[in-house]
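Let me begin by presenting the structure, written as structure tokens, before commenting on it.
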Amino acid sequence: MKILTRFFILIIALFFTIKSSAQDMRFGVFADPQLSWFTSDTRDFSPNGPVFGFNAGFSYDRYFAERYAFTTGASITNIGGNLLYNVDDYSLSTRDEEYPITSGTNLRIRGQYVNIPLGFKFKTNQIGYTTIYAQLGINGYIKLKGFAWNEDMSINREVVENSHLKFGFISYMFGGGIEYSLGGPSALQFGVIFSNGMTPAFDAGHGIITIGNLALRVGVVF
């Protein structure tokens, strides 16, 4: 965690120390359909399928060279997954009730988060109307709400207590795609971004449960 904290501080410091003009900055908006899933480091819990969600927000690229930039932004994202309990003697706490969990129970959990990415972006020279880009870095997630579903226990989008979903977590991310010029600095953006949890996101009662996701980037850059 100390290394990650230092990385955040370094990137933020570089953002504010590099002199730039309007030509060095680009903003974008996006709405990304995505799939997300749990990963587990213990046999007590098994990932049991992804959930579908969206990630929508804005991006900000600050170029320190012609084709290299620091990238950040902010978005609202919905991520989670299905988690199969392979053991007894656990429970799920929601705002309405405490539910006992037995072996063979599947919980579908989805959290709503503010996502703040920090990373680097690399671009090729423009080829016709198209530019190819790649990006990598880390995502910082701050939880807004969490919900749970289980048909057998009649749990239908009940609010999960804070003891289960962590206040926040960090994941690494990388991806790439193309930008199709609309004339001037504006461009349509299409790409794929993969991220995977580096710190726990869900407390099932034992072990470390993280979240990974795969998003299709669909946006406009100005």
Checking GLY176 against (1) loosely packed, with under 13 Cβ neighbours inside 10 Å; (2) in a strand (DSSP E or B), which test does it fail? (1)
Can you tell me which residue is farthest from TYR63 (Cα to Cα) among those in region 196-215 that are modelled with pLDDT under 95 and among the small types (Gly, Ala, Ser)? GLY205
Note: among SER91, SER171, just one is assigned to a strand (DSSP E or B), farther than 30 Å from PHE70 by Cα and of a type in the set (S, T, N, Q), namely SER91
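Residue-wise test of (1) at pLDDT below 95; (2) touching a helix residue (DSSP H, G or I) at 6+ places or on another chain (Cβ under 8 Å); (3) acidic (Asp, Glu).
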{"residue": "LEU107", "(1), (2), (3)": "no, no, no"}
{"residue": "GLU151", "(1), (2), (3)": "yes, no, yes"}
{"residue": "GLY184", "(1), (2), (3)": "yes, no, no"}
{"residue": "PHE194", "(1), (2), (3)": "no, no, no"}
{"residue": "ARG217", "(1), (2), (3)": "no, no, no"}
{"residue": "VAL221", "(1), (2), (3)": "no, no, no"}
Of (1) closer than 23 Å to ILE193 by Cα; (2) at pLDDT below 95, GLN135 satisfies all except one. Which? (2)
Among residues of region 196-208, those that are touching a Leu at 6+ places or on another chain (Cβ under 8 Å) and assigned to a strand (DSSP E or B), counted: 1
Considering residues of region 158-169 that are open to solvent by 20 Å² or more (accessible area, probe 1.4 Å) and modelled with pLDDT of 95 or more only, the residue farthest from the chain's Cα centre (by Cα): GLU158
Restricting to region 179-199, count the residues that are farther than 30 Å from ARG95 by Cα and open to solvent by 30 Å² or more (accessible area, probe 1.4 Å). 10
Among the residues listed as GLY128, GLY80, GLY119, GLY111, the single one being more than 25 Å from VAL160 (Cα to Cα) and surrounded by 13 or more Cβ atoms within 10 Å (Cβ to Cβ): GLY119
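The values are calculated or read from the model by the stated rules, or taken from the named source; none is laboratory data. Note that the coordinates shown come from a computational prediction; the quantities given were computed from them, not determined experimentally. All Cβ positions, even for glycine, are placed from backbone atoms using ideal geometry, and neighbour counts span all protein chains on display. To get the accessible areas, we keep the full protein, side chains included, count just its heavy atoms, and leave off ligands, DNA and RNA. Shrake-Rupley method; radii C 1.70, N 1.55, O 1.52, S 1.80 Å.
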